[in-house]
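A.B. asks: Take a look at this one; I'll ask things after.
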Amino acid sequence: MNIKLVSFLLCPFVQRSVILLEKKQIQYQLEYIDLEQPPAWFRRLSPMGKVPLMMINGAVLFESAVILDFLDESFSPRFHPSDNLKRAQHKAWIEFGSSLLVAQHGMALAQDKEAMLEKKDRLEDELRHLLPPLEQGLFGDAVRFSLVDAAYAPLFMRLDLLARINPSLNIQYPGPVAEWAERLSSLPCVKESVVDDFPQQYRGYLEKKGAWLVMADRP
Ligand SMILES: N[C@@H](CCC(=O)N[C@@H](CS)C(=O)NCC(=O)O)C(=O)O
């Protein structure tokens, strides 16, 4: 199969696919585009104008959760549970993870301290929803990788980076969420899923957008 993934350098939704491609050791090409000035071919192929866009032998796929499903069904080993109900639960939590990514992005780009703190409080509340499934061992563990892992690792990577950029952020994770975040960040497929200078690129993006979290320490 000839697989090409179209990406924006910092996109967490694309990163989900990259994590799975790396985990399954699938050959692929990655093409970065400028989302602010997308090429005409991209606008033609991407109905919602969003990345990730995946081309498989010329056929087009979009939406990160759909791409994860396709890769999982097409290349072994399978990481989605074989049980129908558990698989549906995993898909539901991946959807929740997408809403957390949107919330994290909003917090990261907040233009003033008040807005940032308000978004941070909301995100912390939402993160607490992860406690019951984690305590029930629904998502897998150190030996069982899951697509939920691939879907959430980009979130925790960005939260970790933000906390390094501005230690006052100090996000409060419930214990099992903190353990999960740490486990995901140590996985080779996660480490290899971003460019080497990702922290600098991410910071540069936040600076360009005037995010309070990076501008706060400026005179
Ligand atoms: N629901 C989509 C979200 C993808 C998404 O929001 N991608 C962002 C980049 S990280 C994008 O392409 N934004 C361009 C736009 O909204 O115009 C998915 O899961 O793939």
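Every number here is computed from the coordinates shown, using simple stated rules; none is lab data. A quick note: this is a predicted structure, and the numbers were derived from the prediction, not measured. So basically every Cβ, Gly included, is an ideal-geometry build from the backbone, and we count neighbours across all protein chains shown.
A.B. asks: What's the magnitude of the charge dipole for the chain around its Cα centre, counting Lys and Arg as +1 and Asp and Glu as -1 at the beta-carbon? Answer in Debye, nearest 20.
C.D. replies: It works out to roughly 380 debye.
A.B. asks: Would you grab the residues whose amide H sits under 5 Å from the one on TYR32? Only those 5+ places off in sequence or on another chain, please, with H modelled 1.01 Å from N.
C.D. replies: For TYR32, the qualifying residues are SER7.
A.B. asks: Highest mean first, what order results for 13-25, 186-198, 95-107 on Cβ atoms within 10 Å?
C.D. replies: By packing density, highest mean first, the sequence is 13-25, 95-107, 186-198.
A.B. asks: Answer with one residue from LEU10, SER46, ALA178: the one whose Cα lies farthest towards the positive end of the charge dipole of the chain, charges on Cβ with Lys, Arg +1 and Asp, Glu -1.
C.D. replies: SER46
A.B. asks: Give the cross-link partners of LYS208 among the lysines, using a straight C-alpha distance below 16 Å as the criterion and excluding same-chain residues fewer than 8 apart.
C.D. replies: Correct list for LYS208: empty, as no lysines qualify.
A.B. asks: As an exercise, use a Förster radius of 25 Å and the Cβ-Cβ distance of ALA59 and ARG144 to find the FRET efficiency, rounded to the nearest 0.05.
C.D. replies: For ALA59 and ARG144, the calculated efficiency is 0.25.
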